[in-house]
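First the structure, in the form of structure tokens, and then the observations on it.
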Amino acid sequence: MARTKRILSVTGMHCVNCANGVEQALSSVEEVTVTCREEMAGEVLVSAIEGAGFSASAVDESLGDTGAEAEAAYLADERKKFLVGLGLSLPLFFISMGRDFSLLGAWSHGVWVSWLFLVLATPVQFYTGMDYYKGGWTSLKNGSANMDVLVALGSSVAYVYSIVVLLIPAAGDHVYFETSALIITLIKLGKMLEARTKKRTGGALRNLMALRPDTALRVEGGVETEVPLDRVKAGDTLAVKPGASIAVDGVVASGGSTVDESMLTGEYLPVDKAEGDAVTGGTLNIDGAFYMTALKVGRETALSRIIALVKEAQGSKAPMQQLADQVAAVFVPAVILIALVTFGVWFFLTGEFSVAMIRMVAVLVIACPCALGLATPTAVMAGTGKAAERGILFKNSETLEKCAGLDTVVLDKTGTLTEGRPRIAHVVPMNGETESRLVRLAAAVEEGSEHPVGRAVVDYAGLVGNFRSPATEFLAHGGRGVEGVVDGERIRVGKPDWLRSLGIAFHHEEEVLASLEAGGNTTVVVESQGKILGFIAVTDTLKPDSERAVATLHHMGLSVIMLTGDNAASARVMAKAAGIDRVVADVLPHEKGETVMGLQAEGKRLAMVGDGINDAPALASADVGIAIGTGTDVAMETAEVVLASGSLSGIAEAIGIGRATRRTIRQNLFFAFFYNIILIPVAAGAWHGVEALPMMLRELHPIAAAAAMSLSSVTVVSNSLRLYRRK
């Protein structure tokens, strides 16, 4: 069964219940997406979402589409509806208030003025406010009730009652057209400001998209031709001029330059590029000119994959969102019940329909759960956007939240803490062997190995001109060593413990081995027919920022553990240099995942940081797997966080952003819950008889309720935007 993924831009959602409505609509098309043609999948999903009462459009991320056009159109529509509402509501409000306070003379009390109010209020009710009627009706059809239901109910009650008074004077002596009109206009103002502010939470994503040029200079037959980016194919030769953005991923074919990769990696020092070096689409060529061969285009480029990861993370649902969802499922029905009870109580106490109605409308309006629905998604968007700017890619929002709860960081050694480019430190022949032959035999066997130590041995042999043909009958013993036949002789190269397990005896060689390992070297043994031919000691260097990164993690209250397949003596030397608390050494690749689970059994909530294929089981087992972006594709696929720059400083930044995002979500949820818990009783008139309180807490008019509700949504979004300003 083929599966396909489509990204859609959805507009018109106001709250948690709106999001639930979209999810319900999409759940009904699961079977359709399986049976329809792939190119029609987007149309089917859009149709389902539009059937649920929202607007949607397919997003083609390979062409740089972020859904910004749909957002802009939605914002323009909100602005137009607000301006119509404002233009009609202001004269309605001022004339109504002037009449109530007898400031305008006898003419303002004429019946025709009330009919004028109807004329002014009706376009506001059914043009500016039509979205709430449509959204509310669709929500009810889908079996739920969203904020649109509350707005439509609240404003309609005031509007319809006013018409009744206008037609049947015995029903009352006051119309409330200004109340219904201003409720809708103020809430529309809040929606417009909210849409404008939310647009900023996607700023990091748009900045990434802006890195991609619209065109590229393709070279054919020595002629440079400017072509649209979507016409560039893998294998094309492209010209890159000084100051131009690199169009796609590839390698430098000729020439050279310095490239600014900061927007992808977070590292601000430019990188020198020469023939054969990899270049990444979206990075900026600074001063030189070169030709490059395109290797990855469209969705396959690193920039496209980063954008896809950021979008996926921003669209995923954080665990804290479940609380908001559970509350929202019962919130609107509960509010309607409270509003009806409020009406009944006040009508019973006063006998006045208008007083009871005003209280009921205030409850309906003040309780709109917009802030509740915005609390988590806006913080997640801001947090993942901030992380993307720093070259830190979260694959989902759950990981963002998990990072906030970590207490331990486990670091792989080679390629993570260290440069991952081991070099030969010592060659020590034993038992009558020569250094030249020892290196030749070891390199012949290691030629078939992909292990960094093996590659270091082969590179060293090539450097000293002592390498011939590779061994035959090659065998690799995962994480222990390798063996093969060289000149008819079976040679083993590997860890001392592996050879001991095979019955190879170490006598006077033990002292030499201990001395090499005490110096912080990784030492391999070369053996043949039970005789130790010698040792090759390999050393690696810490990355420049490793010690600082470990110190920062300690400062954040995290414990740091090194997990390595290297020998304990060498690992301890490296750990001491980096300032690491604890070392778990001599761990085979398949044991790394078991070790991580053992640490979790101790009650640790940990992140595993690695870069190699052998780290994948541990990355998958950890609470949070963090892959170094300069590592293998397998590690990056397995991990939940990718540090694009390869810098260990990104670990502390990722955890810091996770903590800040969780804190922001909690603040937002507090604002949303506190706002409703405090103001619903105020709107219902619970404090009406407490004369010691200010009038604003004793009497909350529906107009003030609408303004407060809109302000709460803007407050939550603005609080989320503070994440962008954090350092």
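The values are calculated or read from the model by the stated rules, or taken from the named source; none is laboratory data. Nothing here was measured: the structure is a model prediction, and the numbers come from that model. Neighbour counts run over all protein chains shown; Cβ positions are idealised from the backbone, glycine included. In case anyone asks, the SASA skips ligands and DNA or RNA and just uses the protein heavy atoms, side chains included. Shrake-Rupley method; radii C 1.70, N 1.55, O 1.52, S 1.80 Å.
Within region 470-503, being among the basic types (Lys, Arg) and in a loop (DSSP other than H, G, I, E, B) holds for Arg480, Lys495. Tell me which residues, restricted to region 334-373, are open to solvent by 10 Å² or more (accessible area, probe 1.4 Å) and touching a Ser or Thr at 6+ places or on another chain (Cβ under 7 Å). Listed by number, the residues that qualify are Arg359, Met360. Quick check on Asp100: is it of a type in the set (Asp, Glu) and either at pLDDT 90 or above or surrounded by 15 or more Cβ atoms within 10 Å (Cβ to Cβ) (or both)? Judged against the criteria, Asp100 is not a match. Entry remark, region 276-309: residues being open to solvent by less than 10 Å² (accessible area, probe 1.4 Å) and touching a Leu at 6+ places or on another chain (Cβ under 7 Å) number 7 in total. Residue check: Phe506 meets all listed conditions (1) of a type outside the set (Ser, Thr, Tyr); (2) open to solvent by 70 Å² or more (accessible area, probe 1.4 Å); (3) assigned to a loop (DSSP other than H, G, I, E, B) but one, namely (2).
Collect the residues in region 425-459 that are touching a helix residue (DSSP H, G or I) at 6+ places or on another chain (Cβ under 7 Å), part of a helix (DSSP H, G or I) and open to solvent by 30 Å² or more (accessible area, probe 1.4 Å), keeping them in residue-number order. Within region 425-459, Arg440, Pro452 meet the criteria.
Across region 529-564, the number of residues qualifying as closer than 23 Å to Pro422 by Cβ and not hydrophobic (A, V, I, L, M, F, W, C) comes to 11. Within region 374-413, being among the charged types (D, E, K, R) and in contact with a Ser or Thr (Cβ under 6 Å, 6 or more places away or on another chain) holds for one residue alone: Lys413. If the condition is being buried (at least 20 other Cβ atoms within 10 Å of the Cβ) and under 38 Å from the mean Cα position of the chain (by Cα), then region 123-141 contributes Thr128, Gly129, Asp131, Tyr132, Gly135, Gly136, Thr138, Ser139. Among the residues of region 511-548, those identified as outside any loop (DSSP other than H, G, I, E, B), open to solvent by 10 Å² or more (accessible area, probe 1.4 Å) and over 24 Å from Val427 (Cα atoms) are Glu547, Arg548.
On the given criteria, is Glu419 of a type in the set (Asp, Glu), at pLDDT below 85 and open to solvent by 10 Å² or more (accessible area, probe 1.4 Å)? Here the answer is yes, as Glu419 does meet what is asked.
Can you tell me which residue in region 618-643 is surrounded by the fewest Cβ atoms within 10 Å (Cβ to Cβ), limited to those that are at pLDDT 80 or above, not β-branched (Val, Ile, Thr) and not in a helix (DSSP H, G or I)? Among them, the one singled out is Asp623. Taking region 217-277 as the region of interest, the strands (runs of 3 or more DSSP E) fully inside it that hold 3 or more residues being modelled with pLDDT of 90 or more and among the aliphatic types (A, V, I, L, M) are 237-240, 249-255. Can you pull out every residue in region 549-567 that is touching a residue at least 40 places away in the same chain (Cβ under 8 Å), in a helix (DSSP H, G or I) and surrounded by fewer than 18 Cβ atoms within 10 Å (Cβ to Cβ)? Passing the criteria: none in range.
For region 460-469, the candidate set comprises residues that are of a type in the set (Gly, Ala, Ser) and in a helix (DSSP H, G or I); within that set, the residue that is nearest to Val482 (Cα to Cα) is Ala461.
Rundown of residues vs (1) open to solvent by 40 Å² or more (accessible area, probe 1.4 Å); (2) at pLDDT 75 or above; (3) part of a helix (DSSP H, G or I), yes/no style:
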site: Glu653; (1), (2), (3): yes, yes, yes
site: Ala686; (1), (2), (3): yes, yes, no
site: Ser712; (1), (2), (3): no, yes, yes
site: Thr715; (1), (2), (3): yes, yes, yes
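The residues of region 573-617 that are in a helix (DSSP H, G or I), open to solvent by less than 10 Å² (accessible area, probe 1.4 Å), closer than 22 Å to Arg421 by Cα and of a type in the set (A, V, I, L, M, F, W, C), listed by number, are Ala575, Ala578. Scanning region 458-488 for residues that are of a type in the set (A, V, I, L, M) and within 41 Å of the chain's Cα centre (by Cα) yields a total of 1. Going through region 542-553 one residue at a time, which ones are out of contact with any strand residue (DSSP E or B) (no Cβ under 7 Å at 6 or more places or on another chain) and of a type outside the set (A, V, I, L, M, F, W, C)? Result: Pro544, Asp545, Ser546, Glu547, Arg548, Thr552. Every listed requirement among (1) at pLDDT 80 or above; (2) open to solvent by less than 50 Å² (accessible area, probe 1.4 Å); (3) of a type outside the set (Ser, Thr, Tyr); (4) not in a helix (DSSP H, G or I) is met by Gly646 save one, (1). Considering (1) farther than 23 Å from Leu193 by Cβ; (2) of a type outside the set (Val, Ile, Thr); (3) surrounded by 15 or more Cβ atoms within 10 Å (Cβ to Cβ), the lone condition that Phe82 does not fulfil carries the number (1).
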